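Presented below is the structure to which this report refers.
The values are calculated or read from the model by the stated rules, or taken from the named source; none is laboratory data. Note that the coordinates shown come from a computational prediction; the quantities given were computed from them, not determined experimentally. Glycine gets a Cβ as well: all are built from the backbone with ideal geometry, and neighbour counts include every protein chain shown.
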Amino acid sequence: MNGMELLRRNHNYRNLWLAQVGSQFGDWFNQVALAQITLELTGSASAMGLVLLCRSLPGVILGPLVGPYVDRFPTKPLLFFTDLVRAVIALSYCVAVMDHATWVLYAGSLLLGVSGVLFSPSRNATIPLVVSKEDLTTANALESAAAGVLQIVGAICGGFVSVTFSPLACFLINSASYVWSALHILRSRWHESTRPSREPYFRLLTDGFHEAMRNRVARAIILIGISWGLAGGGYYILIPVLGEQTFHMGGFGIGVLYTMDGAGVLLGSLFVHYFVRGNHRNAVVWYGVAYTTQALFFGILTQATNVVLGCLSLLLMRMSSGVIIPLDAYLLQTGTDPTKRGRVFSLHVSTYGGVMQLSYVATGFALQHFGIHLMGMVIAAMSLICGVCWLLQFGRSSLAFPGTRAVQ
């Protein structure tokens, strides 16, 4: 089934998808306006880094701890009320714009980060309850493709509105996007298995860790996430460095590279949609293959000396990432116990995010002392190791689907 047919036939998934697209679109307005107002009020790049840290740190610290609540309680109320809370928090940035209150930027970012900790694993755990197992790869590819398009369109629209009107308008749009999301979630319905509501919190917490360690699929994906996260954080530092210092194109070059980034993720998602589809075996194999091709093109990117080769290698590298992103979610969704799925997703997101934070610092130091070419090959080697290890472990095996029930 293609993505458009899935959206047409499965109205519950369609509402979840529209909710996600709307909130992600609004997030780009927030991201652009937040960067603009932070730099206007503080004039400090360090302040911008602190704002970003305030948003990402809660996921690292709280992610594993909220997993039991994701599996203990029905996800629909969690998703709905979290969106309403985020709508209110997004409005708080308007105070920073009108009163020049810098502290609101940090507080708002911290609160948005905390609220997002519950939302992301809850939604990932919900998708298999709404979509049949045969359509899971299509659904994940559709969401990844939408994210790629929104990265391009949302950043452009957010920048236009912020510069032409005001960052205030961007924050209002962001708040409205969360209300949009909440309303579409309210229109969706799905059956959830009985949740262990009376089990002690720490029992649920340890059961989630045990599931992640005993389940070879979950264990492998979490370990790959940690391994790639340790090195992959350097990618987000490399893009500005390549555009500014290697290709000598300033902000325009950075913008072109980020456009290639979004286009590559979109193309990779389309590849999953058209060539992997519902074939579970193909999903297992292409997940490992994509890590190896990502390594190849990342290595070429960091050795490139002209912008044409750089853009082409970045496009192909992020196309590989566009294959990995939906398959990563799909393999966890189909390879874990449905009653513990939320805890596994929380652990995966928090460990990956945690090592990415370390990677930002470590890679920045390493780039300064060892240079782009050497560090690029080190990062590429890590991606290659991830892909080879996955293929050696699962390339010839068959990973079974746990039972899922979808409501359409």
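Among the residues of region 129-147, is any touching a Cys at 6+ places or on another chain (Cβ under 9 Å), among the β-branched types (Val, Ile, Thr) and in a helix (DSSP H, G or I)? Before the answer, list the steps.
Filtering region 129-147 for residues touching a Cys at 6+ places or on another chain (Cβ under 9 Å) gives none.
Within region 129-147, none of the residues are touching a Cys at 6+ places or on another chain (Cβ under 9 Å), among the β-branched types (Val, Ile, Thr) and in a helix (DSSP H, G or I).
Criterion first (outside the structural domain of residue 145 (by TED's automatic domain parsing) and either surrounded by fewer than 18 Cβ atoms within 10 Å (Cβ to Cβ) or without any contact (Cβ under 8 Å) to a residue 24 or more places away in the chain (or both)) does residue 348 satisfy it? Walk me through it before giving the result.
On the way: outside the structural domain of residue 145 (by TED's automatic domain parsing): yes; either surrounded by fewer than 18 Cβ atoms within 10 Å (Cβ to Cβ) or without any contact (Cβ under 8 Å) to a residue 24 or more places away in the chain (or both): no.
In short, no.
Hey, among 301, 296, which residue is in the same structural domain as residue 367 (by TED's automatic domain parsing) and surrounded by fewer than 22 Cβ atoms within 10 Å (Cβ to Cβ)?
So the residue among 301, 296 that is in the same structural domain as residue 367 (by TED's automatic domain parsing) and surrounded by fewer than 22 Cβ atoms within 10 Å (Cβ to Cβ) is 296.
Yes/no matrix, rows are residues, columns are (1) under 30 Å from residue 166 (Cα atoms); (2) among the acidic types (Asp, Glu); (3) buried (at least 21 other Cβ atoms within 10 Å of the Cβ):
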{"residue": "78", "(1), (2), (3)": "no, no, yes"}
{"residue": "83", "(1), (2), (3)": "yes, yes, yes"}
{"residue": "96", "(1), (2), (3)": "yes, no, yes"}
{"residue": "102", "(1), (2), (3)": "yes, no, no"}
{"residue": "132", "(1), (2), (3)": "no, no, no"}
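Could you tell me whether residue 373 is more than 18 Å from residue 215 (Cβ to Cβ) and at pLDDT below 85? Give the derivation first.
On the way: more than 18 Å from residue 215 (Cβ to Cβ): yes; at pLDDT below 85: no.
When the stated conditions are applied, residue 373 does not pass them.
Can you report the number of residues in region 56-79 which are assigned to a helix (DSSP H, G or I) and over 20 Å from the mean Cα position of the chain (by Cα)? Quick ask: steps written out before the conclusion?
Within region 56-79, the subset assigned to a helix (DSSP H, G or I) is 56-72, 75-79.
Remaining after also requiring over 20 Å from the mean Cα position of the chain (by Cα): 68-69, 71-72, 76-77.
Residues that pass the stated criteria total 6.
Using beta carbons and a limit of 8 Å, which pairs, at least six apart or on different chains, have the first residue in region 1-20 and assigned by TED's automatic domain parsing to the domain that holds residue 83 and the second one among the small types (Gly, Ala, Ser) and surrounded by fewer than 17 Cβ atoms within 10 Å (Cβ to Cβ)?
Once the first residue is assigned by TED's automatic domain parsing to the domain that holds residue 83 and sits in region 1-20, its partners that are among the small types (Gly, Ala, Ser) and surrounded by fewer than 17 Cβ atoms within 10 Å (Cβ to Cβ) give 1/278.
So residue 4 clears everything in (1) under 20 Å from the mean Cα position of the chain (by Cα); (2) under 24 Å from residue 275 (Cβ atoms) except one condition, right? Which one?
(1) is the only condition that residue 4 fails.
Give region 93-125 a look and list any residue that's in a helix (DSSP H, G or I) and among the small types (Gly, Ala, Ser), or say none. Can you show your working first?
Filtering region 93-125 down to residues in a helix (DSSP H, G or I) leaves 93-99, 102-125.
Correct list: 96, 107, 108, 109, 113, 115, 116, 120, 122, 125.
Has region 317-328 got at least one residue that is hydrophobic (A, V, I, L, M, F, W, C), surrounded by fewer than 20 Cβ atoms within 10 Å (Cβ to Cβ) and under 28 Å from residue 257 (Cβ atoms)? Write out each step before concluding.
Here is the first cut: in region 317-328, the ones hydrophobic (A, V, I, L, M, F, W, C) are 317, 319, 323-325, 327.
The next check asks that each one be surrounded by fewer than 20 Cβ atoms within 10 Å (Cβ to Cβ); those that pass are none.
No: region 317-328 contains no residue that is hydrophobic (A, V, I, L, M, F, W, C), surrounded by fewer than 20 Cβ atoms within 10 Å (Cβ to Cβ) and under 28 Å from residue 257 (Cβ atoms).
Output the number of residues of region 298-314 satisfying the condition of being under 17 Å from residue 258 (Cβ atoms) and in a loop (DSSP other than H, G, I, E, B).
1
Going by what's in this entry, would residue 158 be described as under 29 Å from residue 61 (Cβ atoms) and without any contact (Cβ under 8 Å) to a residue 40 or more places away in the chain? If you could, list the steps in order and put the result at the bottom.
Details: under 29 Å from residue 61 (Cβ atoms): yes; without any contact (Cβ under 8 Å) to a residue 40 or more places away in the chain: no.
The answer is no for residue 158.
Quick check, is residue 108 buried (at least 18 other Cβ atoms within 10 Å of the Cβ) and in contact (Cβ under 8 Å) with a residue 40 or more places away in the chain? Explain how you work it out, then say what you get.
On the way: buried (at least 18 other Cβ atoms within 10 Å of the Cβ): yes; in contact (Cβ under 8 Å) with a residue 40 or more places away in the chain: no.
Considered against the rule, which asks whether it is buried (at least 18 other Cβ atoms within 10 Å of the Cβ) and in contact (Cβ under 8 Å) with a residue 40 or more places away in the chain, residue 108 comes out as no.
Please determine, by comparing only the residues of region 116-128 that are among the small types (Gly, Ala, Ser) and closer than 16 Å to residue 73 by Cα, which one is nearest to the chain's Cα centre (by Cα). Steps first, answer last, please.
Here is the first cut: in region 116-128, the residues among the small types (Gly, Ala, Ser) are 116, 120, 122, 125.
Okay, now just the ones that are also closer than 16 Å to residue 73 by Cα, so 120, 122, 125.
Numbers: 120: 9, 122: 14, 125: 14 Å.
So the residue we want is 120.
Applying the selection to region 233-250, what residues are touching an Asp or Glu at 6+ places or on another chain (Cβ under 9 Å) and modelled with pLDDT under 70?
250
Which count do you get for residues in region 8-31 that are modelled with pLDDT of 90 or more and aromatic (Phe, Trp, Tyr)?
The qualifying residues number 3.
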